[in-house]
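Okay, structure first, notes after.
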Amino acid sequence: MATHESAAHASHAHAAPQGFIRKWVFSLDHKVIGLQYYFLALLAVFVGMFLSLLMRIHLIWPAATLPFLGDIKPETYLTLVTMHGTIMVFFVLTTAPQGGFGNYFLPIQIGAPDMAFPVLNMLSFWTTFLGFVVLVAAFFVTGGAPLHGWTGYTPLSALQSAGPGEGLGADLWITSIAIFCIGALMGALNFITTTLDMRAKGMTMMRMPLTVWAWFVTAILGLLAFGVLLSAGILLLMDRNLGTSFFVPLGTINGQLTGHKGGSPLLWQHLFWFFGHPEVYIAILPAMGMCSQLLSVFSRKPIFGYKAMVYAIMAIGFLGFMVWGHHMFMSGMSPYTAFAFSIMTMGIGVPSAIKTFNWLGTLMRGRIRFTSPMLFAIGFVSLFVTGGISGPFLAQPVLDIYLHETYFVIAHFHLIMGVASIFGIFAATYYWFPKMFGRMMNEPLAKAHFWLTFVGAYAIFMPMHYYGMSAGLRRYSQSTEVAYILKLLPLQRFITIAAFITIASQFIFVVNLFWSMFKGAKASDNPWEATTLEWITATPPPHDNFGGRTPVVNNGPYEYSVPDAPRDFVMQTDPEIKPKH
């Protein structure tokens, strides 16, 4: 085994690049690629946020004429919904936690000099970047971007004549997602191989930090899920452009026969959601691992129930593939099938609850340090629980039939998948910034950012639950056409004002991020007094991560407050702790 490992490590010792292009653009260094993914996600999140801002403006001022953009028509509103969802899910929630932080820190945390396949790693980033460019290009072609929703339901998405934006814009949308899938598959292969093959001596699987476990399981989910979506996207492109009938049945549009027969719109829903539900966990698992890490570091306690946490991550990954039908209770599926999916959906709540109670157990009686990363980690737990509680309601077909087409669903998945995952990204940024850039971020600004974002997230998404329970319908571009919805307009107005304030407060983060890169206080090698391997190396880490020394691991990742130890933390490379009898 030792010879295999040393051979594996030796084959990855590529020399440090010299020129700007090889160092910062087409880089093979996993740290630079991680930063590229991170800044791509940062760009994407501001595009996605801008689109949501336009949606919120239109919902309460439907007749407003905006500078540069003119008035927003109902079909333009549906375009905004589609592109907002697509950009946020693929290019933010999948890209930043896994592509960004995973690429940067997974090799360092397991003691590897680089990823297993550096060239594949570079290709995965540039493929993802190309996917983003193709998606944004849909705004600028004839007919504009598509309006079929981020889920791309057929036959709306399968027929060029189905509406504005369903021509070239929809082709670009599908192509963009297919390109993204290829990049994600390359990344997933790399993560899995690196985790299994490149660990340092002594780094057994059960000594890996929970962040690494989360990235590893997320990569397995990506490998299994993105292939299905890629296949579905290719079939949809064929239906649209080559006259096949995978998703389009015999039927007429505006009195004209479509020229298709025998296809099944439901087949698209099955293929899409078989990817779509694991995608939820691809977005949230890295944030769960991150949160576990931070709660332990800043409580100065070992993580409560490490093995249970690992098995819970695995269980979430496994069960995530068995619940896709709960997105389809309204599709006329057999009640027996719906019952099975309902039971499985309730079942996936169990590992999530195990993780939640273990987080609370970690915090209990800890010597808690309320730093900005810790605040965002605690905020993550709060949002995860609040967003999760509405899940069991939607898991009951009898309730989902009423709630499915309302804002209740939007509130649920934004809290648990959107905002919770974003809090994981913020926590990771504040925590690892000193290691990545050698400087500390401004703590008072970070705390102001936390409180405004935390309160803002609840002010936006809690009223959405009430709006949904009052039968406020999704995808309606304005409240003026239906009498009972018009009465709910004050709630929409409140949500919009909260969204304005929350979006504005994100600029505190951007200023802090870029200002601290150049002007922040210099950071020591281990400013948080943490135990994992990224804190034993220089700041920022050298090209091969450990400056020619391969670390040897003797301890687990969460050795805090160890009795008789010289400090209140024991690094993974410190001499092994022998329990005293």
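Numbers at a glance
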quantity	calculated
Close pairs from the stretch 310-322: first touching a residue at least 12 places away in the same chain (Cβ under 8 Å), partner outside any loop (DSSP other than H, G, I, E, B) and of a type in the set (Lys, Arg), Cβ under 9 Å, at least 6 apart	Ala312/Lys355; Ile313/Lys355; Ile316/Lys355
Subset of the stretch 353-375 [open to solvent by less than 30 Å² (accessible area, probe 1.4 Å) and at pLDDT below 95]	Gly366
Residues (surrounded by 19 or more Cβ atoms within 10 Å (Cβ to Cβ) and over 15 Å from Val511 (Cβ atoms)) located in the stretch 451-469	Phe454, Gly456, Ala457, Ile460, Phe461, Pro463, Met464, His465, Tyr467, Gly468
Residues (free of Cβ contacts under 8 Å to residues at least 60 places away in the same chain, more than 17 Å from Gly349 (Cβ to Cβ) and open to solvent by 10 Å² or more (accessible area, probe 1.4 Å)) located in the stretch 274-303	Phe274
Hits in the stretch 544-567 (condition: within 22 Å of Lys307 (Cα to Cα) and in a loop (DSSP other than H, G, I, E, B))	Val553, Asn554, Asn555, Gly556, Pro557, Tyr558, Glu559, Ser561, Val562, Pro563
Test: residue in the stretch 256-263 that is crowded, with 20+ Cβ neighbours inside 10 Å, touching a Gly at 6+ places or on another chain (Cβ under 6 Å) and touching a residue at least 40 places away in the same chain (Cβ under 8 Å)	no
Within the stretch 395-408, tally of residues that are in a helix (DSSP H, G or I) and open to solvent by 20 Å² or more (accessible area, probe 1.4 Å)	6
Meets criteria (under 23 Å from the mean Cα position of the chain (by Cα) and open to solvent by less than 30 Å² (accessible area, probe 1.4 Å)) for Leu123	no
Of residues in the stretch 188-203 being among the aliphatic types (A, V, I, L, M) and in contact (Cβ under 8 Å) with a residue 40 or more places away in the chain, the one most open to solvent (accessible area, probe 1.4 Å)	Leu189
Extreme residue, nearest to His543 (Cα to Cα), among residues of the stretch 18-37 that are open to solvent by 20 Å² or more (accessible area, probe 1.4 Å) and modelled with pLDDT of 95 or more	Leu35
Count - residues of the stretch 137-151 that are assigned to a loop (DSSP other than H, G, I, E, B) and either in contact with a Ser or Thr (Cβ under 8 Å, 6 or more places away or on another chain) or of a type in the set (S, T, N, Q) (or both)	9
Residue satisfying condition, being surrounded by fewer than 20 Cβ atoms within 10 Å (Cβ to Cβ) and closer than 22 Å to Leu93 by Cβ, within set Leu242, Leu210, Leu229, Leu223	Leu223
Those residues of the stretch 364-404 which are more than 29 Å from Ser334 (Cβ to Cβ) and of a type in the set (D, E, K, R), in sequence order	Arg365, Arg367, Arg369
Residue identified as under 20 Å from Leu43 (Cα atoms) and either among the polar types (S, T, N, Q) or not in a helix (DSSP H, G or I) (or both) among Gln492, Gln506, Gln478	Gln506
Residue in the stretch 42-61 that is under 20 Å from Ile460 (Cβ atoms), open to solvent by 40 Å² or more (accessible area, probe 1.4 Å) and over 27 Å from the mean Cα position of the chain (by Cα) present	yes
Residue in the stretch 513-527 that is modelled with pLDDT of 95 or more and within 23 Å of the chain's Cα centre (by Cα) present	yes
Residues of the stretch 454-472 satisfying the condition of being in contact (Cβ under 8 Å) with a residue 60 or more places away in the chain and touching a Phe, Trp or Tyr at 6+ places or on another chain (Cβ under 9 Å)	Phe454, Ala457, His465, Tyr467, Gly468, Met469, Ala471, Gly472
Residues of the stretch 138-179 satisfying the condition of being among the aromatic types (Phe, Trp, Tyr) and open to solvent by 10 Å² or more (accessible area, probe 1.4 Å)	Phe139, Phe140, Trp150, Tyr153
Which numbered condition Phe341 fails, given (1) outside any helix (DSSP H, G or I); (2) among the aromatic types (Phe, Trp, Tyr); (3) over 20 Å from Phe216 (Cα atoms)	(1)
Filter result for the condition that a residue is assigned to a helix (DSSP H, G or I) and open to solvent by 20 Å² or more (accessible area, probe 1.4 Å), over Thr76, Thr82, Thr86	Thr76
Of the criteria (1) at positive phi; (2) touching an Asp or Glu at 6+ places or on another chain (Cβ under 9 Å), which one Arg365 fails	(2)
Given (1) under 30 Å from Tyr306 (Cβ atoms); (2) open to solvent by less than 40 Å² (accessible area, probe 1.4 Å), index of the condition Met344 fails	(2)
Matching entry among Ala457, Ala471 (being closer than 28 Å to Leu78 by Cα and in a loop (DSSP other than H, G, I, E, B))	Ala471
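Table: residues versus (1) open to solvent by 40 Å² or more (accessible area, probe 1.4 Å); (2) touching a residue at least 24 places away in the same chain (Cβ under 8 Å); (3) out of contact with any Pro (no Cβ under 9 Å at 6 or more places or on another chain).
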residue: Arg474; (1), (2), (3): no, yes, yes
residue: Glu481; (1), (2), (3): yes, no, yes
residue: Leu488; (1), (2), (3): no, no, yes
residue: Phe500; (1), (2), (3): yes, yes, yes
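The values are calculated or read from the model by the stated rules, or taken from the named source; none is laboratory data. These figures come from a predicted structure and were not determined experimentally. Don't worry about glycine lacking a Cβ; one is built from the backbone with ideal geometry, like all the others, and counts go over all protein chains shown. Calculation scope for accessible area: heavy atoms of the full protein, side chains included, ligands and nucleic acids excluded. Shrake-Rupley method; radii C 1.70, N 1.55, O 1.52, S 1.80 Å.
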